[in-house]
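Below: the structure, in structure tokens.
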Amino acid sequence: MPDADSSPIVIDFVGGAVGFRLRSGEGRGQPLPRACGMAKGAMPTIVDATAGMGRDAFFLASLGAEVTLIERSPQVHAALDRAMIAARDHSEDLAAIIARMTLLLGDSRELLPTLSPEVVLVDPMHPERTKSALVKKQMRDLRDVVGADPDAHELMDAALAAAQNRVVLKWPLRAAPIVGLRKPSHQILGKTTRYDVFVTRI
Ligand SMILES: C[S@@+](CC[C@H](N)C(=O)[O-])C[C@H]1O[C@@H](n2cnc3c(N)ncnc32)[C@H](O)[C@@H]1O
């Protein structure tokens, strides 16, 4: 296994697709914040249990949410840490977003029971996520480092037990559901992705 510093993972919260999304002013009406219950001005505490490239967490934090990111791959965690420091040092606006993000190294199945967030976001590795060539390359690099997530069902169990309000499972629009998982309370459909929302407590 390569050490954290020789990781091919490069994360950029300043330019690239994440910076573009920020500058284009995508808002709370987007599928992800709606799935997290933010559409009507609510500001839940969120644990992103599968931090990955940090894109979803950064987007939610840019909308004002406090987001705890959990990543179990040391290489990906190190890349996230570097990207957060670079963004914080880049501008006051980005520093304000990064200040709402707390990054943890560990397995969410173990850490979730120690946290009591209102919302848990779960986005395990899965095939054919998007048609964007750029994202495809980034996801390929990520997959090379972290592999698949065959324990996504156990992660969902931990998320459902920890979430005070809801669990949001991000999943490819047309992929079969995770075997054995109960039906979601509702779904929010994006272009290539769906968000299965499991309300835990009202
Ligand atoms: C598909 S990526 C998430 C992408 C992320 N939503 C984004 O916006 O960039 C999945 C990530 O979750 C991590 N992961 C999967 N299961 C995990 C677990 N039980 N605990 C912590 N991290 C986990 C993987 O290592 C991988 O980096």
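Do we have Thr45 as within 25 Å of Arg143 (Cα to Cα) and in contact with a strand residue (DSSP E or B) (Cβ under 6 Å, 6 or more places away or on another chain) here?
Taking the combined requirement at face value, the residue does not satisfy it.
Filtering region 149-159 down to residues that are farther than 13 Å from Glu110 by Cβ and in contact (Cβ under 8 Å) with a residue 24 or more places away in the chain, which residue is farthest from the chain's Cα centre (by Cα)? Explain how you work it out, then say what you get.
Start the filter on region 149-159 by keeping residues that are farther than 13 Å from Glu110 by Cβ, which leaves 149-150, 152-153, 156.
Filter once more, so that each one left must be in contact (Cβ under 8 Å) with a residue 24 or more places away in the chain: 149, 152-153, 156.
Values: Asp149: 14, Ala152: 14, His153: 17, Met156: 14 Å.
Top of the filtered list is His153.
Of the residues that sit in region 24-45 and are hydrophobic (A, V, I, L, M, F, W, C) and under 17 Å from Val120 (Cβ atoms), which one is surrounded by the most Cβ atoms within 10 Å (Cβ to Cβ)? Break it down stepwise before answering.
So in region 24-45, the residues hydrophobic (A, V, I, L, M, F, W, C) come out as 32, 35-36, 38-39, 42-43.
Applying the additional criterion that residues be under 17 Å from Val120 (Cβ atoms) yields 32, 35-36, 38, 42-43.
Details: Leu32: 22, Ala35: 26, Cys36: 28, Met38: 22, Ala42: 14, Met43: 15.
Among those that are hydrophobic (A, V, I, L, M, F, W, C) and under 17 Å from Val120 (Cβ atoms), it is Cys36.
Check whether at least one residue in region 97-106 is under 14 Å from the mean Cα position of the chain (by Cα), among the hydroxyl-bearing types (Ser, Thr, Tyr), within 16 Å of the ligand (Cβ to nearest atom) and under 27 Å from His186 (Cα atoms), and report yes or no.
no
Any residue at all in region 81-98 that is modelled with pLDDT under 95, open to solvent by 20 Å² or more (accessible area, probe 1.4 Å) and touching a Pro at 6+ places or on another chain (Cβ under 9 Å)?
There is no residue in region 81-98 that is modelled with pLDDT under 95, open to solvent by 20 Å² or more (accessible area, probe 1.4 Å) and touching a Pro at 6+ places or on another chain (Cβ under 9 Å).
Is region 109-121 home to any residue that is at pLDDT 95 or above and at positive phi? Even if it seems obvious, please write down each step before you answer.
Restricting attention to region 109-121, the residues satisfying the condition of being at pLDDT 95 or above are 109-115, 117-121.
Of the ones still in play, those that are also at positive phi are none.
No, every residue in region 109-121 fails to be at pLDDT 95 or above and at positive phi.
Could we say that Arg21 is assigned to a helix (DSSP H, G or I) and either away from the ligand (no atom under 13 Å from the Cβ) or open to solvent by 50 Å² or more (accessible area, probe 1.4 Å) (or both) here? Steps first, please.
On the way: assigned to a helix (DSSP H, G or I): yes; either away from the ligand (no atom under 13 Å from the Cβ) or open to solvent by 50 Å² or more (accessible area, probe 1.4 Å) (or both): yes.
For Arg21, the condition - assigned to a helix (DSSP H, G or I) and either away from the ligand (no atom under 13 Å from the Cβ) or open to solvent by 50 Å² or more (accessible area, probe 1.4 Å) (or both) - is met.
Report yes if Ser108 is open to solvent by 20 Å² or more (accessible area, probe 1.4 Å) and not basic (Lys, Arg), otherwise no. First the steps, then the outcome.
Details: open to solvent by 20 Å² or more (accessible area, probe 1.4 Å): no; not basic (Lys, Arg): yes.
Answer is no for this residue.
Looking at this structure, is Ala158 surrounded by 15 or more Cβ atoms within 10 Å (Cβ to Cβ) and among the small types (Gly, Ala, Ser)? Talk me through it step by step, then tell me what you get.
Values: surrounded by 15 or more Cβ atoms within 10 Å (Cβ to Cβ): yes; among the small types (Gly, Ala, Ser): yes.
Answer is yes for this residue.
Would you check if Thr68 is more than 20 Å from Phe198 (Cα to Cα), in a strand (DSSP E or B), within 15 Å of the ligand (Cβ to nearest atom) and open to solvent by 10 Å² or more (accessible area, probe 1.4 Å)? Walk me through how you get there before you give the answer.
Details: more than 20 Å from Phe198 (Cα to Cα): no; in a strand (DSSP E or B): yes; within 15 Å of the ligand (Cβ to nearest atom): yes; open to solvent by 10 Å² or more (accessible area, probe 1.4 Å): yes.
No; evaluated as a whole, the condition is false for this residue.
Mind checking which residues of region 45-65 are more than 10 Å from the ligand (Cβ to nearest atom) and either of a type in the set (Ser, Thr, Tyr) or outside any helix (DSSP H, G or I) (or both)? Lay out the reasoning, then the answer.
From region 45-65, those more than 10 Å from the ligand (Cβ to nearest atom) are 45-47, 61-65; that's our starting set.
Those that are more than 10 Å from the ligand (Cβ to nearest atom) and either of a type in the set (Ser, Thr, Tyr) or outside any helix (DSSP H, G or I) (or both): Thr45, Ile46, Val47, Ser62, Leu63, Gly64, Ala65.
It is to be established whether one or more residues within region 127-146 are aliphatic (A, V, I, L, M), more than 23 Å from Ala61 (Cα to Cα) and open to solvent by less than 70 Å² (accessible area, probe 1.4 Å). Quick ask: steps written out before the conclusion?
We begin by selecting, within region 127-146, every residue aliphatic (A, V, I, L, M); these are 133-135, 139, 142, 145-146.
Next, from what is left, pick out any that are more than 23 Å from Ala61 (Cα to Cα): 133, 145-146.
Among the residues that remain, those that are also open to solvent by less than 70 Å² (accessible area, probe 1.4 Å) are: 145-146.
Among the residues of region 127-146, at least one is aliphatic (A, V, I, L, M), more than 23 Å from Ala61 (Cα to Cα) and open to solvent by less than 70 Å² (accessible area, probe 1.4 Å), which makes the answer yes.
The values are calculated or read from the model by the stated rules, or taken from the named source; none is laboratory data. Quantities reported herein were computed from a predicted structural model and do not represent experimental measurements. For neighbour counting, all protein chains shown are included, and Cβ atoms are generated from backbone atoms with ideal geometry for every residue, glycine included. The accessibility values were calculated without ligands, DNA or RNA, using every heavy atom of the protein model including side chains. Shrake-Rupley method; radii C 1.70, N 1.55, O 1.52, S 1.80 Å.
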